[in-house]
Structures are given as structure tokens and as C-alpha cells.
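The values are calculated or read from the model by the stated rules, or taken from the named source; none is laboratory data. Keep in mind that what you see is a predicted model, and the values were worked out from it rather than measured. Every residue, glycine among them, receives a Cβ derived from its backbone with ideal geometry; neighbour counts consider all protein chains shown.
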Amino acid sequence: EDIVISIIDPNGATILEQNNAPAGEVERIEGLPLTIIGQYQIHVRTANGSMTDYAIMYLDDSAYTFVFMGILTYGETRSNITLPEENDHFWHFYGTAGENITINITPGADGDVFLELYAPSTDKISGFVDDGLMGEAEQYSTTLPETGIYSIRTGEFDFAATTYTITLLRN
């Protein structure tokens, strides 16, 4: 779906309406000054008015750098992904309760990658999956407990820069 995001200030004025990313890609808002003290609202809708699932992540200047990388589909592999130092990536996919899935992450020779899997309810499904050593792949398989958008967090154990390949499979 093609997402439109609106930011409403405490006085009820729309200070931003954005639809920059193509359908199915991450819509990012960065550096928006919030100059009025109070509660802001975030409105999310599709460009055509249909219902869809979505995820929101709020980061401020003191936050660790998390980056939404996009949507994965079953059978898809994304290769040679650059992970800068002091960053983690979040990938998302739509899963159905009862599906058995496997996530594979293979680092470049200089990386020690990890992964975590989160349910649509934001509950952590996996622990911190980092069984391999430098340059070794990580793999996690599970049966999905609910239907909705799942999040896969990937990062480098020592916060170092690396590259990696991620694959999502339905078994």
C-alpha cells in the first residue's frame, strides 16, 4: 500500500503531510522541528483510503540508531546490505499464525551479526540469536503465533560496520 503520514500539532494544525516513498517502501520523516510544547498526533492512512497494517518507530537525538529497511516477502533474499557502525536494522514481513518460518542472516567476513524477532504485538519472540562467531551465519526458525506485521532486528554484536545478506523462508 501507498502510505500517507500527517503530523498534527497541539493546536490542531497539520504541519506535515507526506507521501514520498513508493507503495510498499518505508516512509521516513527526519528532522521535523516540533516547536510547540504539547501533544502531537500522527495520522497514517493509505493514499486510496483502504485499510492496511503499518509500523511506526520514533527516534530522538539520544536514541540508538535504528533504521527501517523495508518489507521482506517469503523466499526473498537481500544481499550485500551495508550496516554502518552503531546502527541496527529493522526488516518487516507479513505473517500468518501457524506459519513455520526461517530467517537466515549471513555476515561479511568481518562481521558478527545477530537477530531478534518481534511479533505484531511487539512481544519479543526470539531471544538474542547470535550463535555463530565472526563471519558465521545466524539462523532462526519458529512457528508464528499470530497474524500481522513481524519485525526482524539485525545488528552487529560489537556495533562495528559490516555487510550482510538476509533471507526469509516459509517452510
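See the values below:
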quantity	calculated
Inter-residue pairs, beta-carbon under 9 Å, first more than 15 Å from Asn11 (Cα to Cα) and in the range 24-46, second modelled with pLDDT under 90 and loosely packed, with under 11 Cβ neighbours inside 10 Å, 6+ apart	Val44/Ile56
Number of the exception - Thr106 against (1) exposed (fewer than 15 other Cβ atoms within 10 Å of the Cβ); (2) modelled with pLDDT under 95	(1)
Odd one out for Glu138 among (1) under 16 Å from Ala55 (Cβ atoms); (2) at pLDDT below 95	(1)
Check on Gly98, farther than 29 Å from Val4 by Cα, modelled with pLDDT under 90, part of a loop (DSSP other than H, G, I, E, B) and out of contact with any Pro (no Cβ under 6 Å at 6 or more places or on another chain)	no
Residues that are at pLDDT below 90 and among the β-branched types (Val, Ile, Thr), drawn from the range 1-43	Ile3, Val26, Ile29
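Condition check ((1) free of Cβ contacts under 8 Å to residues at least 24 places away in the same chain; (2) of a type in the set (Ser, Thr, Tyr)) across all residues:
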| residue | (1), (2) |
| --- | --- |
| Lys124 | yes, no |
| Gly135 | no, no |
| Glu138 | no, no |
| Pro145 | no, no |
| Ser151 | no, yes |
| Glu156 | no, no |
